[in-house]
1. Nearest 20 debye, what's the magnitude of the dipole of the range 56-117 about its Cα centre given +1 on Lys and Arg Cβ and -1 on Asp and Glu Cβ?
2. Would you mind computing, in nm to one decimal, how far apart the modelled labels at Leu58 and Glu278 are, each placed 7 Å from Cα along Cα→Cβ?
3. Mind checking the log10 I(q)/I(0) for the range 56-117 at q = 0.22, 0.23, 0.24, 0.25 Å⁻¹? Debye, one equal scatterer per Cα, no solvent, two decimals.
4. Where nothing but the Cβ of Lys and Arg (+1) and of Asp and Glu (-1) is charged, how large is the charge dipole of the range 211-292 around its Cα centre, in debye to the nearest 20?
5. Using modelled backbone amide H atoms (1.01 Å from N, in-plane), which distant-in-sequence or interchain residues come within less than 5 Å of Phe142's amide H?
6. Could you tell me the calculated FRET efficiency between Arg88 and Lys120, based on Cβ-Cβ distance and R0 = 25 angstrom, to the nearest 0.05?
7. Ile211 accessible area, nearest 10 Å², 1.4 Å probe?
8. Which entries of Lys62/Lys121; Lys120/Lys214; Lys121/Lys277; Lys81/Lys120; Lys81/Lys248 have Cα-Cα distances beyond 19 Å here?
Amino acid sequence: MVSTSKISTIHGSPLTFKLSDYNLFAMDTSRRIAGFKYDCLLFDMDDTLYPLSTGLNLACRKNIEEYMLKHLHMEESEVPKICVDLYREYGTTMAGLKAFGHEFDNDEFHAYVHGRLPYKKLKPDPVLRNLLFSMPQRKIVFTNADQAHAHQVLNRLGLKECFDSIICFETLNPPNYTNVPTDNLALTWSNSFNKDCNQVENRCFNSKTQILCKPSVEAIEVAIQIANLDPRKTLFFDDSARNIASGKAAGLNTVIVGRSDLVPGADYALSSIHNIKEALPEIWEVEGELQQMIQSPAVETMVLA
C-alpha cells in the first residue's frame, strides 16, 4: 500500500499526495539558495519554450478537429467553430467536449491529437538549454498537455534535463490514470476536493468542467500546492494572456512570452524566451551581502564544458 500524506486544503477538502512524489519536491526545495529574488521558475511549454511559428499549434488543432469529426461524429461544417469556442470557454477543447457530455478515452484522445504531430519540426535549442542550466532556481514545466507529449517536446528541444519536474494533464486529472506508471519527472496525486463551478474574478477563467486545466485559477492553485511553491517567490512564464491573468490572481509573478507588450496581470513581457537574461537579470542576481558568496554550480559546469 502506498503511504500518503495530506498537505493543505482546497475548498475545505485535503489534498492527498503520494509521499514518494512529495519527497521529490522536498529534495528539490532544499536546493533553494538564499538571497535570490525567486525560488522557482514555472514554465508553460507549448508556444513558450519554442515559437508559435513551428506550426505544432495548427497541426494540433487540425488533429483535434479530425478527432471530433471521425470519433465524435460532429457536423463537419460546425467542427472548426466548436473547436475554437470550446477552447476559449473551457481552456482546452478536450475540457469543453467533456463538459458537454462527450464520452471518450483521455489516452486515446491524446494519442490521436499529439501522437500524430510533426515533432521533427522541433530542433535542439542549445542557447535555451544553457540559459536554463545557468539559472539557480528550481525549474518546473506546467502544461495542459499529457505526459507523453511533454516528454516528446522536451526531448526534441534537448531540454528535459533542464527541469526538475513536470506538472501535466495526468498530474491535475489523475482518476483515469490509476494504472499509468510515472517516472521521476511527471507527478501524480489523488484528491477529494470539489471541482464544480468555481466563480473567479474578471478576466480569469471560470472552471466548470470535470477536466482541471489552465487557465483555471483553481488549476494553478493546485499546481502551486503540489509543487510546494511560494507564489510570491515564483516566476510564471506563459504565452497565453488568460493564463497570465489567472496566474496573477493566484499570486504568482508573471511573464507573458511571445509579445513585447504587457497584458492584464503580466509583470514582464518577452518577445522570445531567449530574451530572458536581458529582460530579467534578477533571476541570476544575488541580493545583498550574499552576492560575492554564492555562485551557481550550473554556471560553473557550463563554463568548464
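1. Values: 7 positive and 11 negative charges, 53 e Å.
Magnitude of the dipole: close to 260 debye.
2. Output for this residue pair reads 2.7 nm.
3. The Cα Debye sum returns log10 ratios of -0.87, -0.97, -1.06, -1.16.
4. Numbers: 7 positive and 12 negative charges, 64 e Å.
Taking the Cα centre of the range 211-292 as origin, the dipole is about 300 debye.
5. Phe43, Asp44, Met45, Ile167
6. Numbers: r = 30 Å, r/R0 = 1.19.
For Arg88 and Lys120, the calculated efficiency is 0.25.
7. That residue has around 10 Å² of solvent-accessible surface.
8. In this structure, Lys120/Lys214; Lys121/Lys277; Lys81/Lys120; Lys81/Lys248 lie more than 19 Å apart at Cα.
The values are calculated or read from the model by the stated rules, or taken from the named source; none is laboratory data. Keep in mind it's a predicted model, so treat the numbers as computed, not measured. Cβ sites come from the backbone with ideal geometry, for glycine too, and all protein chains shown count toward neighbours. The protein model used for the area step is the full one, side chains on, heavy atoms only, and it has no ligands, DNA or RNA in it. Shrake-Rupley method; radii C 1.70, N 1.55, O 1.52, S 1.80 Å.
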